[in-house]
Amino acid sequence: MIDTNAVIENEKKAFNARLAEMLKEHGGEFVVFKGGEPVGFFPDASAAYGFAMDKYGPDAGFLIREVAEGRLQVASLTWHLGVSHAR
């Protein structure tokens, strides 16, 4: 079983390290980070979430963030998108 918290922390560090570079071409878009790399940019969080779920599934660790400085808004994407994963 993966340590999701550790994965997310690593993805956040990678996001922050690449933020200045991403702002130049992708400011205001949403990015999916997986394995410390940006794997896709999207116009909204819903599109980013759909991509990540299709490609990696609900049990994978990935990060979705808006490419922006100082506007971190923590929210449950499952709540906003009406998606839940029950076992």
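Just so it is clear, none of the values below were taken in a lab; they were calculated from the coordinates. Being a predicted model, the structure only gives us computed values, none of them experimental. All Cβ positions, glycine included, derive from the backbone under ideal geometry; neighbour counts span all protein chains shown.
Checking the stated criteria, Phe33 turns out not to satisfy the condition of being of a type in the set (Phe, Trp, Tyr), farther than 17 Å from Ala60 by Cα and crowded, with 17+ Cβ neighbours inside 10 Å.
I want to confirm something. Restricting to segment 1-27 and keeping residues that are of a type in the set (Gly, Ala, Ser) and either under 14 Å from Ile64 (Cβ atoms) or surrounded by fewer than 12 Cβ atoms within 10 Å (Cβ to Cβ) (or both), which single residue is nearest to the chain's Cα centre (by Cα)? So the residue we want is Ala14.
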